[in-house]
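These notes are about the structure you will find just below.
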Amino acid sequence: MEYIAENNLISFLANEGKDYLDSCRETGHFAVAAGKKLYYEWYRSREAADAARGILVICHGYTETCSKYHEMIYYLLKEGYHVFAYDHRGHGRSFREVENPSKVHVDDFDRDYVGDLKLLTDKVIRKAFPALPLFLYGHSMGGCIALRFIELYPDVFSRCILSSPMLGIKTGGIPAPLARALACFMKRLGQGERYLIGQHDYLPNETFERSSSTNRTRFDRYNEIRKSTPAFQTNAGDYSWFFTSVRAAANSISAKETSKIRIPVLLFEAEDDSYVPRKNVLKLRANLPSVEYHIYPGTKHEIFNSPDDIVQAYFGEILDFLNPEQEL
């Protein structure tokens, strides 16, 4: 695999890399309900033609869009995988459930986020390629969606990659039980669509130093796109989102739910993760002893936005996991 050096990344993905991705991509919308359309992108590998190794489905993280993953998509296409990526409801170019485009709102994590992925898998992905193996990748919130999916629907995907999955949410100076109780109380008051304490509309002032990245170039690439693209400026969650997300995360690491998993799972943990409680990662590993696990020293939440040596090891590990026969 020929990786893109960080000193050439922005230029490459804005020019020849963009041309390559554009030549592989088709975009569309799928209605999960009347008037509720999810935006998706299909990437068909030019290297594979009719002999693709499989399809990797990308579940992006909280307040992100699938456009954040262009570097990853490029590597997968070059290795002969088709890629399906989409924007979750309330994100990017998909429909919003509240008027404020900065706000992340969802009523029921499993019914809505996981249900959306099930519909896309059944009605779009499998319809296009009924015989190819399916692989699932989820980062952060997308990692929780992926984990809940393989627990609720254990026979759909062949392998699953969890990158800094949202197995819980750090609540800063507020004790976690109190934060959950407050969210529940606000929902019962009919205030579920109010921002969480301290959350606000998008402001174009995020800095590299306070970000979840350890590589400035990779941070800058998507941050600049986000600043100039209003649809990408989803920024913070409300009480409803927090309440159902915390509940889904707790379920995802329980022994009852992890016992339903039947496929190989690769788990990546960032050493310095500001969002996911480490105790929850340990609980998942205890309840899913078959999981392949790797912690990357010196990384923050977004391991894929690290310096070149870590990024190359990270993507190399993903490719090896997707195609274990190649290692033999």
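The values are calculated or read from the model by the stated rules, or taken from the named source; none is laboratory data. All values derive from a computational prediction rather than experimental measurement. Cβ sites come from the backbone with ideal geometry, for glycine too, and all protein chains shown count toward neighbours.
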* Asked: Is it true that some residue in region 285-306 is of a type in the set (A, V, I, L, M, F, W, C) and within 19 Å of ALA5 (Cα to Cα)?
  -> yes
* Test each condition in (1) surrounded by fewer than 18 Cβ atoms within 10 Å (Cβ to Cβ); (2) in a helix (DSSP H, G or I) for GLU151 and report the one that comes out false. => (1)
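From the list ALA14, ALA48, ALA52, exactly one residue is free of Cβ contacts under 8 Å to residues at least 24 places away in the same chain and either over 21 Å from GLY142 (Cβ atoms) or surrounded by 18 or more Cβ atoms within 10 Å (Cβ to Cβ) (or both). Which is it?
Values: ALA48 fails: free of Cβ contacts under 8 Å to residues at least 24 places away in the same chain; ALA52 fails: free of Cβ contacts under 8 Å to residues at least 24 places away in the same chain.
None of the others qualify; the one that does is ALA14.
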* ILE253 passes all but one of (1) among the β-branched types (Val, Ile, Thr); (2) free of Cβ contacts under 8 Å to residues at least 12 places away in the same chain; (3) closer than 22 Å to GLY142 by Cβ; which number fails? -> (2)
* Structure fact -> Output for Cβ contacts, cut-off 8 Å, separation at least six or different chains, first residue over 17 Å from SER274 (Cβ atoms) in region 300-320, second of a type in the set (Gly, Ala, Ser), reads ASP308/ALA5; ILE310/GLY298; TYR314/SER306
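Yes or no: region 205-214 includes at least one residue that is free of Cβ contacts under 8 Å to residues at least 12 places away in the same chain and charged (D, E, K, R).
Taking region 205-214 first, the residues free of Cβ contacts under 8 Å to residues at least 12 places away in the same chain are 205, 207, 209-210.
When the remaining residues are screened for being charged (D, E, K, R), the result is 209-210.
Yes, region 205-214 contains a residue that is free of Cβ contacts under 8 Å to residues at least 12 places away in the same chain and charged (D, E, K, R).
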* To do: State the number of residues belonging to region 251-284 that are of a type outside the set (A, V, I, L, M), in a helix (DSSP H, G or I) and surrounded by fewer than 16 Cβ atoms within 10 Å (Cβ to Cβ).
  => 3
* Test GLU6 against the stated conditions and say whether it is at pLDDT below 95 and over 23 Å from PHE157 (Cβ atoms). => no
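Yes/no matrix, rows are residues, columns are (1) free of Cβ contacts under 8 Å to residues at least 24 places away in the same chain; (2) under 17 Å from GLY143 (Cα atoms):
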{"site": "ASP22", "(1), (2)": "yes, no"}
{"site": "LEU77", "(1), (2)": "no, no"}
{"site": "PHE84", "(1), (2)": "no, yes"}
{"site": "ARG89", "(1), (2)": "no, yes"}
{"site": "ARG111", "(1), (2)": "yes, yes"}
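Of the residues that sit in region 80-130 and are of a type in the set (A, V, I, L, M) and within 29 Å of ASP320 (Cβ to Cβ), which one is modelled with the lowest pLDDT? Give the steps one after another, and end with the answer.
Initial filter on region 80-130 (of a type in the set (A, V, I, L, M)): 83, 85, 98, 104, 106, 114, 117, 119-120, 124-125, 128.
Subset that is within 29 Å of ASP320 (Cβ to Cβ): 83, 85, 114, 117, 120, 124-125, 128.
Values: VAL83: 98, ALA85: 98, VAL114: 98, LEU117: 98, LEU120: 98, VAL124: 98, ILE125: 98, ALA128: 94.
Going through the qualifying residues, I end up with ALA128.
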